[in-house]
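**Student:** Following this message is one structure expressed as structure tokens.
The values are calculated or read from the model by the stated rules, or taken from the named source; none is laboratory data. It should be emphasised that the depicted structure is a prediction, and the values quoted were computed from it without experimental measurement. No Cβ is skipped: glycine too gets one built from the backbone with ideal geometry, and neighbour counts run over all protein chains shown. Side chains are part of the model used for accessible areas, which takes the heavy atoms of the whole protein and leaves out ligands, DNA and RNA. Shrake-Rupley method; radii C 1.70, N 1.55, O 1.52, S 1.80 Å.
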Amino acid sequence: KDDYFLQNFDAPDLDLAARNATYINELAKEFKVYVGLAPTATKVLEDKLPNYATPYDEAFYISTFYNKLSNQVTKLDFLNTLSTHKDEYIYYKTDHHWTTLGAYYAYTEFCKSADLIALTLDDFKIEDVSDAFYGTLFSKGNFSFATPDTMQLFYPKQTEALEITYEATGKTSSSLYEYSHLDTKDKYSVFLDNNHPLIKIKTSIKNGRKLLVIKDSYANSFIPFLTQHYEEIQVLDLRLMNVPVATFAKEAGISEVLLLYNVQNFSVEP
């Protein structure tokens, strides 16, 4: 309904979930660990599914996985937060990601658990940067009847100086956005220049807080919000760089770890 493309969620690998929970529980013995499994539009907007469509229940998977995590792990309830705003434009129609607004609401949920004061929507200048975004779900079939998406960027009115380093290439930037992607088909790559093995973000905030984000591409539009609260953020994509997480975090002087994944990605082997 309403021109949304929604992806099927096949039965997940519950043995993989148990193994991942074991790893995370061990990590939480040494670090402050937050886990956020982001539901997709398939669950939050399930009223838009065709009649008789029966994808695996993402809510059940998230609950099952969270129940395997120890009490030392902080579980982020993105599903409830996003469901509260389901009548807003929080998921793209042609792409599997949440919109920047959806990522914003997830950010507010994280702030509640991380002892942070979230910026309000009024604290941002919100700019439409494209009204012709055709995303990953459109690309699966190149459906001629698809309605293009609008893409927005949120700029904090009170800015912080940033130094972003893409460790694999040595590229540096002062911006979280790579605007050249807006002229390509893969416009979502405007956020943090797509996926990289390791990104280091240093801000002008001096509060001693350092965060490691372990993630998939859902985090790319989420991370810019965090730069208003942390002195340093390191972004690790384990699909592209396999390192011992605890050792890496200790060597970097990091005490907080956020694991942020789209639930459908997290439920299967990369």
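**Student:** Would you point out which residue out of V73, V35, V44 is aliphatic (A, V, I, L, M), crowded, with 18+ Cβ neighbours inside 10 Å and within 13 Å of the chain's Cα centre (by Cα)?
**Tutor:** So the residue among V73, V35, V44 that is aliphatic (A, V, I, L, M), crowded, with 18+ Cβ neighbours inside 10 Å and within 13 Å of the chain's Cα centre (by Cα) is V35.
**Student:** Any residue in region 209-236 that is farther than 16 Å from D193 by Cβ and without any contact (Cβ under 8 Å) to a residue 40 or more places away in the chain sitting within a Cβ distance under 7 Å of a residue that is in a loop (DSSP other than H, G, I, E, B) and open to solvent by 10 Å² or more (accessible area, probe 1.4 Å)? List the pairs, counting only those 6 or more apart or interchain.
**Tutor:** Between residues of region 209-236 that are farther than 16 Å from D193 by Cβ and without any contact (Cβ under 8 Å) to a residue 40 or more places away in the chain and residues that are in a loop (DSSP other than H, G, I, E, B) and open to solvent by 10 Å² or more (accessible area, probe 1.4 Å), the close pairs are Y230/I205; Y230/R209; E231/I205; E231/K206; E231/N207; E231/G208; E231/R209.
**Student:** In region 85-201, which strands (runs of 3 or more DSSP E) lie fully inside it and hold 1 or more residues that are open to solvent by 20 Å² or more (accessible area, probe 1.4 Å) and in contact (Cβ under 8 Å) with a residue 24 or more places away in the chain?
**Tutor:** Hits in region 85-201: 124-133, 149-156, 162-166.
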